[in-house]
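For reference, the structure is listed below as structure tokens.
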Amino acid sequence: MSTAEAVRTDTASTATTAVSVDGVDMDFGTGTLAVRDASFTLETGRFLTILGPSGSGKTTLLRLIAGFQTPTRGEIRIHGQRISAKPPHKRSIGMVFQRLALFPHMTAAENVAFPLKMRRHDPATTPDKVDAYLRLVRLDGLGDRRIHELSGGQQQRVAIARALVFEPDLLLLDEPLAALDRKLREEMQLEFRRIQKELGVTTINVTHDQREALVVSDEIIVMDHGEIQQAARPSEMYRNPANAFVANFIGVTSFLDGRFDGGALDVGGVSCAGTPVSKLDPGSPARGAIRAEQVRLGAPGTTLEACDTQLDGVVDDVIFEGERLVYVVTVPALGDAALRIYHHDPAAQDLYGAGAAVRVGWTEADLRIFKKTGEPA
Amino acid sequence: MPDRSFRYPLRWHVMDALERGADILWPATFSRMTGWLLAAPAILLVGLLVLGLIQIGDASMHVLDTSTFRMSEAYTLANYADAFTSAVYFKVAWRSLLAAALTTALTLAFAFPYAYAMVRTRSATVRKALLIALFLPFFIGQVVRAYGWLIILGNNGIVNDMLGVVGVEPIRLLFNFPAVIFGLVQYMLPFGVLMLAPALTAIPEETEIAAGSLGASWPRAIWHVILPMARPGLIGAGIVVFTLSLTDFAMPAILGGGSQDFIANAIYDQFFRTADQGLGSALALMLVALGSLIVGAVFTLFGAGTLALGARK
Ligand SMILES: Nc1ncnc2c1ncn2[C@@H]1O[C@H](COP(=O)(O)OP(=O)(O)OP(=O)(O)O)[C@@H](O)[C@H]1O
Ligand SMILES: [Mg+2]
């Protein structure tokens, strides 16, 4: 490919690519990299969620994208322009911080007006814009309140309005919902989605809440130990996790450790039907993963319909979760491996108690076989 | 044996021992009184102060009989009348107020950037250096420091020597109003910084970064966000610096050389030169009243909760 061609494809791609992260490392000098070789691109108008456990490097990656820190290696571009090309106050990035960082000496409306004033928008249009964005986050009428006179969820929404009002090219959210109660959090998640769709602003959200990631995002990146484990759409991520870590982190998953025998998973001599996900050598250590909703459950001695593997088990525990039950069933044939199984009708009669004998089974497609890596997930 | 990584810190052992000791001296059944016990030193101090003030108040209402050098028996307000009508004391009071106001403004202007740099610097070495530079003059003491300035700024001092090198005639740098202000600001700076630093530490750096990401250049972030959020600290520091300057004695005495007396110098003269306890006491009480009035005015103006962040309406 000639240089001219390279330049052309580059500019062509920037027309729709809002964020491109290319081979980024971040080293705080602590011995391990906080972010290692991160690469991804995000198209304009999409909602990306970075998901991962505590300490996995999510905030670090977000701060790098915001330009608050400079990566040790690699390059970050926003709409084709290097992030370091402009000082922070000239960039068009709206950020909602983990601790909100609202201005306590201003009212809610003044907080929202602040970026308009700083960015020298026309003062004549400012009141209308402030009103419009307060309405957008459903805070109309509360503009005159000081920050400490608002509830946590309301403060949250002031922070969102403040980050959106100057119509930034990119919106960054750092676990802004983490401190809220579950009900409010789920409400705000839908709110986020509504606002984001309404304005079409490219958004990157950081969270460790898998549900939030699935609900709000167009795309998800799962991180662990500073490394991107998988980048995919929510449904794809849920159906086809790339490795055991992702399978464990998203959804409720049970694991079976054994060896890959060329076609199935061999657990202590018992062959378990399954589908290898990664390239596996016959005889190599492998880990099977199956979701709680994919394990079938039946009375002992019965034949479970369409199940490629069927085994006897004993109910170890029954967990009531409101709209469903979770059975924890141990399977003696698999070295007392524990399987978690959903039961979606807690009011039904055919319930098993702890200690009851049951039969469990699954289809070949539902048990995913991963290469076994490192410590148990 | 399991490999334990946690060791019970020595400090906790000491705390345990202290707590056992405290239990013997002050059993838990006394706990209802603990609040009073903790407040006891403060109550004692304030009580003594009030007693002293009453004594001074009493003294201020007797005039000095210049023939016998005894205080009169009769109660009178003549001392206050004297003080109020005297052009000299008016000038002294005015000078003290002006100097205190100027010193406060200048000290805050210098202390703010210093405290800001100290709080925000990423380098521990720089922070330590700034702290040491701040505390060193503290250890030297006011009188020695003022004397030091006499040597440096005097007619044969370093500054005039250097001016001489470039051919400038010696300038009188001492025994004038600016010299006193200079000395006071230099003396007050550590107080200002030490009072501002906690206020600035309390402002999360994230708030400043947020201001930047919202479009505020650094100076505008300081002006619109940091300064208003540091207001309680600025007012606290301002009150301390103002009252300390208003009642200062050494700087006007040494750097003013007798020509720049503050109220405290006038009081000193009455007590220890003229031995007119009555007039001295009257002046002292008026100084207390003046200081209280100004501090009270600041509190009413900015709210009594000024020093407690966030309690503002
Ligand atoms: N300024 C820093 N100096 C040194 N190490 C840091 C710094 N910031 C982060 N780290 C380290 O980098 C790793 C990633 O941290 P990061 O804050 O990105 O995690 P996170 O995924 O946001 O976690 P959480 O969900 O708990 O917020 C952690 O091991 C952390 O200790
Ligand atoms: Mg984080």
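Taken together, the residues in region B:108-150 that are in contact (Cβ under 8 Å) with a residue 60 or more places away in the chain and of a type in the set (S, T, N, Q) amount to 1. Taking A:D181, is it open to solvent by 40 Å² or more (accessible area, probe 1.4 Å) and more than 19 Å from the chain's Cα centre (by Cα)? It is false that A:D181 is open to solvent by 40 Å² or more (accessible area, probe 1.4 Å) and more than 19 Å from the chain's Cα centre (by Cα).
Residues in region A:186-219 that are among the aliphatic types (A, V, I, L, M) and either within 16 Å of ligand 1 (Cβ to nearest atom) or under 8 Å from the mean Cα position of the chain (by Cα) (or both): 4 in all. Pairs are defined by a Cβ separation below 9 Å, a sequence spacing of at least 6 or placement on different chains, a first member in region B:46-58 that is open to solvent by less than 70 Å² (accessible area, probe 1.4 Å), and a second member that is not in a helix (DSSP H, G or I); the pairs so defined are B:D58/B:Y75. Restricting attention to region A:324-353, which residues are loosely packed, with under 13 Cβ neighbours inside 10 Å and farther than 19 Å from A:T253 by Cβ? Listed by number, the residues that qualify are A:P332, A:D345, A:A347, A:A348, A:Q349, A:D350, A:G353. Being open to solvent by 70 Å² or more (accessible area, probe 1.4 Å) and over 17 Å from the mean Cα position of the chain (by Cα) holds for only one residue in A:T17, A:T72, and it is A:T72.
Those residues that are in a strand (DSSP E or B) and either within 14 Å of chain B (Cβ to nearest Cβ) or within 16 Å of ligand 1 (Cβ to nearest atom) (or both), I need them from region A:70-83; list them, please. Of everything in region A:70-83, those that are in a strand (DSSP E or B) and either within 14 Å of chain B (Cβ to nearest Cβ) or within 16 Å of ligand 1 (Cβ to nearest atom) (or both) turn out to be A:R73, A:G74, A:I76, A:I78. Residues in region A:84-118 that are polar (S, T, N, Q) and either buried (at least 21 other Cβ atoms within 10 Å of the Cβ) or within 7 Å of another protein chain (Cβ to nearest Cβ) (or both): A:N111 only. Scanning region A:73-93 for any residue that is within 23 Å of A:F249 (Cβ to Cβ) and of a type in the set (G, A, S) turns up nothing.
Residue count for region A:37-69, restricted to those that are assigned to a helix (DSSP H, G or I) and either within 11 Å of ligand 1 (Cβ to nearest atom) or within 14 Å of the chain's Cα centre (by Cα) (or both): 7.
Restricting to region B:190-246, and then to whatever is in a loop (DSSP other than H, G, I, E, B) and at the interface with another protein chain (Cβ under 8 Å from one of its Cβ atoms), can you tell me which residue is nearest to the chain's Cα centre (by Cα)? Ranking the candidates gives B:P204 first. The condition of being assigned by TED's automatic domain parsing to the domain that holds A:Q189 and within 14 Å of ligand 2 (Cβ to nearest atom) holds for A:R99. Suppose we filter A:T59, A:T41, A:T30 for residues that are within 16 Å of ligand 2 (Cβ to nearest atom) and more than 14 Å from chain B (Cβ to nearest Cβ); which single one remains? Among A:T59, A:T41, A:T30, only A:T30 is within 16 Å of ligand 2 (Cβ to nearest atom) and more than 14 Å from chain B (Cβ to nearest Cβ).
Being touching a residue at least 24 places away in the same chain (Cβ under 8 Å), within 32 Å of the chain's Cα centre (by Cα), open to solvent by 50 Å² or more (accessible area, probe 1.4 Å) and within 9 Å of chain B (Cβ to nearest Cβ) is a property that holds for A:H148.
Restricted to helices (runs of 4 or more DSSP H) entirely inside region A:105-193, no element has at least 3 residues that are not assigned by TED's automatic domain parsing to the domain that holds A:K58.
Taking the conditions (1) open to solvent by 40 Å² or more (accessible area, probe 1.4 Å); (2) more than 22 Å from the chain's Cα centre (by Cα); (3) over 30 Å from B:L173 (Cα atoms) in turn, B:S259 satisfies each one other than (3).
In the set B:A115, B:A87, B:A146, B:A111, only one residue is more than 25 Å from B:L234 (Cβ to Cβ) and open to solvent by less than 60 Å² (accessible area, probe 1.4 Å); that residue is B:A146.
Of the residues making up region A:119-134, those that are in contact with an Asp or Glu (Cβ under 9 Å, 6 or more places away or on another chain) and either touching a residue at least 40 places away in the same chain (Cβ under 8 Å) or surrounded by fewer than 17 Cβ atoms within 10 Å (Cβ to Cβ) (or both) number 1.
Within region A:88-102, one or more residues are at pLDDT 90 or above, under 30 Å from the mean Cα position of the chain (by Cα) and basic (K, R).
The values are calculated or read from the model by the stated rules, or taken from the named source; none is laboratory data. All values derive from a computational prediction rather than experimental measurement. As a convention, Cβ positions derive from the backbone with ideal geometry for all residues, glycine included, and neighbour counts pool all protein chains shown. What goes into the accessible areas is simple: the full protein's heavy atoms, side chains included, and nothing from ligands, DNA or RNA. Shrake-Rupley method; radii C 1.70, N 1.55, O 1.52, S 1.80 Å.
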